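Peer 1: Could you have a look at this structure, given as structure tokens, before my questions?
Just so it is clear, none of the values below were taken in a lab; they were calculated from the coordinates. Worth saying up front: this structure is predicted, and the values here are computed from it rather than measured. Methodologically, a virtual Cβ is constructed for each residue, glycine included, from the backbone with ideal geometry; neighbour enumeration extends over all protein chains shown.
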Amino acid sequence: MTEAGAVPQTERLAAALAATAELSVPVDADAYEGVRGDRLDALTGRLDALHTESPGTRDGATAALVAARLGRCLALRFALTAQPDDRKRALELLETARACALLDEEERTAADRALGAMLGSRLFRLHREFGGGSQEQWSLQRMMNAFAVGVPAAQGGSGMLEDSLRLVRLLLERDHPALTDEARRHLRDFDEVVGAALDGDTDVLVRRGRQLIDSTPGFTLPPSLRAVLPAAFGLLEDASARPAGDAGPSDPRTAGARLAAEPLTESDWAQIAESQNQLLALTEAMAPGTLAEEDLAELIARLTGTGDTGPASGRSWLIAALLHFALAVRTGDMEGFRTALGLMRDAYADGELDAAFYDEWLRAIVPGVLLGATLTGGSLQDQETAWLLLEAQRWDDASASGTSAVSLRLCGAALRLNFRLMSALDDEDGEAVEDVVEALCALELDDAYDDAEDWIHVLVGFLLGAACLGTARLAGSREEVTDRLRAAVHHFQQAVDSPVDMPAMRALLDASWAPLITLTAIAESDPGRIAEGVRRTRTALESPGFTSDFRSRVRSAAAIALHTQYTLTRDPEPLDEAVAELEQAVTELPDGVPGGADLRWDLAALRAERAAVRPGTPE
């Protein structure tokens, strides 16, 4: 024994090294069955003491070995407990150990694996925390916590961005035979995107970020976060496209360009917080039900500056108006449309929307709000005003660029043509319907809209299918009807098969399967697949509806398909199902929604038809 009564250093060293020889770091802490808790703390403490003691009795290789084993212990403890200090020290020790010439190949490899597993454990924990089910609601705080993951360590973040980059570079450096060329390309793309985020390079971040998501098969995120990404890219891209003089107080460029600088000011953080609020609102509009209902009022207060966050920018007012609009369409609350228009009017009156950029927003959004009000039960005056505003839209050469601006123009053009289509069908004007078909074809091929959001291109294709269906309705001969039906089926098929991720649009496309396959059955005299179309349409009922009568519309579509199946086969079972669907549709139909009378008429007609087929059943 030494004078202090302690075990000699050589014995302590041998024991510590023996105890850590087989130590490994898990990616999934829950599946780990090795040393942990007090025992791991004690082992880490012994190695730490050996590491800090004077190495006078040890050679350089032994000191390096102690440091490497301590790094492994700290990495293991971080994987189990997520203590930031353990991560910081483990990174330094393991980075040194994996390249240390004093260690043998086995120890260097063990250090490399421990480092990779520790970094991987962070991503695994992140996925478990934020990778919830498809219909999971998020609280406002939880979504803010998700945003906080992307804050660089230099600005007080957790270092997740930096660790993701380290892990990617480790994988590329290892060059494992199982890593395909395609996987390597995606990893290099990810490296570039995260590097751009850390450097504050908005242009590269947006351009390469979009490419990475679009080109990576199986790129999976929870639907809520998938909806955030296009909104985030749109905000950043629009900010970059605007002249510097148009930058508002929440311009993402101002804070984004400072991500590489230290420290961020209080003003920077306020800008980032406002951009996050805007993203949340856009996400809720595109992915209905993302946020818990009780959080929506607080979010709107933040956007309009009536909460604790202080004054808001014109852009936030516009996005608050969009959120009011989306909620009004979803709930059928006409007051929401009035509130949305009032917000835009007040912001304009206060001079918040003087920049040219906002002029395009107003020209596209105001008629959209009026049209939404019309479809939810508003007046014909709303519809006529929306039509006049859409017809008056003109875009000059100086119009703003960027995905959102181009998307607004394309959406406005599509709405304008949809109005013309409805008017032509009401007038049974076949020539006018053909003109709309030609205009939609030209719109679909116009490269001026190439940068618009994918879901709006799908919407144009969907409208083209509806226009072709209109030509079939007004066609003369049976052969002409069949040809037009096939054209409609072609365009609808392209739309429903598209990989659009936006939940609101995806729900609409899923609901369209029964009508699509029914059209196919009519055109080809083949009712065999209608049941499959009905099944796929019913899956749309699993998603939150983006209109107040969404569920009733989905059930009505299924009922029409089932009735067509009965008409083609004379099997009464689909007729029974059709009646049941319409009965449920009527039950779920909100009061005051347009089309309620037509739905009840259709139900009465089906009941009468079933009574004729099955005497004694209710009419």
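Peer 1: Hey, can you grab everything whose amide H is under 5 Å from the amide H of residue 138? Only 5+ residues off in sequence or another chain; H modelled, so Pro and N-termini drop out.
Peer 2: 291, 292
Peer 1: Any chance you could give the angle, 0 to 90 degrees and rounded to 10, that helix 478-496 forms with the longest Cα principal axis of the chain?
Peer 2: Taking the Cα atoms of the chain, the angle to 478-496 is about 20 degrees.
Peer 1: Moving to a separate point now. Highest mean first, what order results for 496-503, 271-278 on Cβ atoms within 10 Å?
Peer 2: So the peptides 496-503, 271-278, ranked by packing, come out 271-278, 496-503.
Peer 1: Here is a follow-up. Tell me, what is the percent relative contact order of the range 148-216, built from C-alpha pairs under 8 Å that lie six or more residues apart?
Peer 2: Relative CO of the range 148-216 lands at 22 percent.
Peer 1: In addition: At a threshold of 8 angstrom on Cα-Cα distance, excluding pairs fewer than six apart, so keeping six or more, what relative contact order does the chain reach in percent?
Peer 2: 8
Peer 1: Would any residue of the range 201-215 have its amide N under 15 Å from a label point 7 Å out along Cα→Cβ of residue 180? List them or say none.
Peer 2: 215
Peer 1: What is the range 148-216 by shape, rounded, prolate or oblate, if you read a ≥ b ≥ c off the alpha carbon gyration tensor as root eigenvalues and call it rounded for a/c under 1.5, prolate for a/b larger than b/c, and oblate otherwise?
Peer 2: The shape class here is oblate.
Peer 1: What is the gain in length, in nm to one decimal, between residue 338 and residue 39 on full extension, counting 0.36 nm per residue of separation less the C-alpha to C-alpha distance?
Peer 2: 101.2 nm
Peer 1: Right, here's the next one. Determine the sum of side-chain charges near residue 85: Lys and Arg each +1, Asp and Glu each -1, restricted to other residues whose C-beta is under 14 angstrom from that of residue 85.
Peer 2: Residues near residue 85 contribute 0 overall.
Peer 1: In degrees, nearest 10, range 0 to 90: what is the angle between the Cα axis of helix 9-19 and the longest Cα principal axis of the chain?
Peer 2: 30
Peer 1: Within 10 Å, at most 16 other Cβ atoms, and a DSSP state outside H, G, I, E, B define an exposed site. Report the longest part of the chain free of exposed trypsin sites (Lys or Arg not before Pro).
Peer 2: 37-393
Peer 1: Let me ask something else. Determine the gain in length on full extension of the stretch residue 494-residue 148; use 0.36 nm per residue of separation and subtract their C-alpha separation, reporting nm with one decimal.
Peer 2: 120.8 nm
Peer 1: Work out the FRET efficiency for residue 532 and residue 359 from their Cβ-Cβ distance, taking R0 = 35 Å, and round it to the nearest 0.05.
Peer 2: Here the calculated transfer efficiency is 0.15.
Peer 1: Nearest 10 degrees is fine. How inclined is helix 266-286 to the longest principal axis of the chain, computing both from alpha carbons?
Peer 2: The answer is roughly 40 degrees.
Peer 1: Is the shape of the range 1-130 rounded, prolate or oblate, going by the alpha carbon gyration tensor and its root eigenvalues a ≥ b ≥ c, with a/c under 1.5 for rounded and a/b larger than b/c for prolate?
Peer 2: Taking the square roots of the gyration eigenvalues as a ≥ b ≥ c, the range 1-130 is prolate.
Peer 1: Shifting gears a bit: Could you tell me the distance between the Cα centroids of the range 570-607 and the range 465-519, to the nearest Å?
Peer 2: The distance from the Cα centre of the range 570-607 to that of the range 465-519 comes to 22 Å.
Peer 1: Once you order the gyration tensor axes a ≥ b ≥ c over the Cα atoms, which shape class does the chain get: rounded for a/c under 1.5, otherwise prolate or oblate by comparing a/b with b/c?
Peer 2: prolate
Peer 1: Report the net charge of residues surrounding residue 491, where surrounding means a beta-carbon distance below 12 angstrom and charges are Lys +1, Arg +1, Asp -1, Glu -1.
Peer 2: 0
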